[in-house]
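The values are calculated or read from the model by the stated rules, or taken from the named source; none is laboratory data. Values in this document were obtained by computation on a predicted structure and should not be read as measured data. So basically every Cβ, Gly included, is an ideal-geometry build from the backbone, and we count neighbours across all protein chains shown.
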Amino acid sequence: MKSRYGAKALSGIGLLWLALNSCAQTPATRVVTDSMAERTRACTACHGDQGRAGPDGYYPRLAGKPAGYLYHQLRNFAEGRRHYGLMTRLVDPLSDSYLHEIALHFASLHLPYPAPTPSRLPPEQLARGQQLVTQGEPSRGLPACVQCHGTRLTGTQPNVPGLLGLPLDYLNAQLGAWQTGQRRAHAPDCMAEVVKRLPPGDIIAVSSWLASQPLPADARPAALPPPPSAQTDAALRCGSAPELSGVRP
C-alpha cells in the first residue's frame, strides 16, 4: 500500500492480512500487484471473490452496492452502530479517505448474481411477504420496502442497498439485528422503527419472499431515489449521513 493513504491505512495492513488468513488459505506463492483488488483481499476472503458474497450465507455481497451505502456501513462498524468484532478491528485503523476508496471499488463491480433458492414457506405466507414488500401496511404505519429500496428492489443511489440476491439467513439475521438494536443507523432510524412493528411471522415472510426472487436483467441500483409516497409515515423518513464525495447517481 502506498504512503499516500496515510499512517492509519498503513498500520491496518497487519490486521487486513490477519483477517485474510482467518477466512481463507492463501497460496504459497503468487504475484502481488498494487491494486484495489489486491488491497481488499481481506474483504473478499470472507465476502467472496470480487465481493460476490460468502459461501455460508452470512457474509453479504459487496459488489455493485451503492458506494454511499458501503461507505456508511464501514463507518457504522467503526462508530459502533453495527457490531462485528473482526470488521471493527479491520476498519478502525483505516483513514476515512481509504474507506471511500474501498466503497467506490466494490460499487464499481457489476457481476452476475446466482440463481435464488426456492422458498419452502406455504404460498399464503409468501403472498403475505410480497404484500408487505410491495404495498406495505398503512394501517400499521408500515411503508412498502419498494418506497425506499426502489421499485425493482435493487437499491437506489447513493445510499440505499438492494434487497434481492441476499441469502435468507443473512436477511433474517439483519432484520433481527435491527429489532434488537444490534444494528442502527443515523437518526431518524427508519429501519429500526419499521422492523420493530413486524411480528416474527411477518419477518420470516418478508425475508423468505425476498430471498426467493430472481433479479431483473438490470440489477444496478436505481439512479435516483423513488418519489415520496403519500402512504409513507412521516415519522419513518430515514435520517442520512453526509454524502460520499465523488459518488454520482
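Name the residues in the stretch 30-51 that are among the basic types (K, R) and surrounded by fewer than 20 Cβ atoms within 10 Å (Cβ to Cβ), would you? Outline the logic, then answer.
Of the stretch 30-51, the ones among the basic types (K, R) are 30, 39, 41.
Within the stretch 30-51, R30, R41 qualify.
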Picked from the stretch 98-132 (must be modelled with pLDDT of 95 or more and charged (D, E, K, R)), the residue surrounded by the fewest Cβ atoms within 10 Å (Cβ to Cβ) is E124
Checking P116, P93, P60, P112 in turn, the sole residue that is of a type outside the set (V, I, T), part of a loop (DSSP other than H, G, I, E, B), in contact with a Leu (Cβ under 7 Å, 6 or more places away or on another chain) and within 18 Å of L153 (Cβ to Cβ) turns out to be P60
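Can you find, within the stretch 63-88, the residue that is surrounded by the most Cβ atoms within 10 Å (Cβ to Cβ) among those that are hydrophobic (A, V, I, L, M, F, W, C) and assigned to a helix (DSSP H, G or I)? If you could, list the steps in order and put the result at the bottom.
At the first step, the residues of the stretch 63-88 found to be hydrophobic (A, V, I, L, M, F, W, C) are 63, 67, 70, 74, 77-78, 86-87.
Keeping just the survivors that are assigned to a helix (DSSP H, G or I) gives 67, 70, 74, 77-78, 86-87.
Working: A67: 24, L70: 27, L74: 21, F77: 20, A78: 18, L86: 15, M87: 18.
Restricting to residues being hydrophobic (A, V, I, L, M, F, W, C) and assigned to a helix (DSSP H, G or I), the top hit is L70.
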Of the conditions (1) within 25 Å of G64 (Cβ to Cβ); (2) outside the structural domain of R61 (by TED's automatic domain parsing), the single one that Q182 does not satisfy is (1)
Residue count, the stretch 95-127, condition closer than 13 Å to A37 by Cα and among the small types (G, A, S), comes to 3
How many residues of the stretch 153-193 are under 27 Å from A217 (Cβ atoms) and in contact with a strand residue (DSSP E or B) (Cβ under 6 Å, 6 or more places away or on another chain)? The answer is 1
Taking the stretch 119-131 and keeping only residues that are part of a helix (DSSP H, G or I), out of contact with any helix residue (DSSP H, G or I) (no Cβ under 7 Å at 6 or more places or on another chain) and of a type in the set (D, E, K, R), one is left with E124
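Just a yes or no: is a residue in the stretch 136-149 out of contact with any helix residue (DSSP H, G or I) (no Cβ under 8 Å at 6 or more places or on another chain), farther than 30 Å from G201 by Cα and at pLDDT below 95?
No, the stretch 136-149 has no match at all.
State which residue is surrounded by the most Cβ atoms within 10 Å (Cβ to Cβ) when the search covers only the stretch 133-152 and only residues that are in contact (Cβ under 8 Å) with a residue 40 or more places away in the chain and in a loop (DSSP other than H, G, I, E, B). Show your work before the answer.
Taking the stretch 133-152 as the starting set, the residues that turn out to be in contact (Cβ under 8 Å) with a residue 40 or more places away in the chain are 133, 136, 138, 140-148, 150-152.
When the remaining residues are screened for being in a loop (DSSP other than H, G, I, E, B), the result is 136, 141, 143-145, 150-152.
Values: G136: 21, G141: 15, P143: 21, A144: 20, C145: 20, G150: 23, T151: 13, R152: 19.
So, considering only residues that are in contact (Cβ under 8 Å) with a residue 40 or more places away in the chain and in a loop (DSSP other than H, G, I, E, B), the one surrounded by the most Cβ atoms within 10 Å (Cβ to Cβ) is G150.
Report, by residue number, each residue of the stretch 162-199 that is of a type in the set (S, T, Y) and surrounded by 19 or more Cβ atoms within 10 Å (Cβ to Cβ).
Here is the first cut: in the stretch 162-199, the residues of a type in the set (S, T, Y) are 170, 180.
Scanning the stretch 162-199 gives a single hit, Y170.
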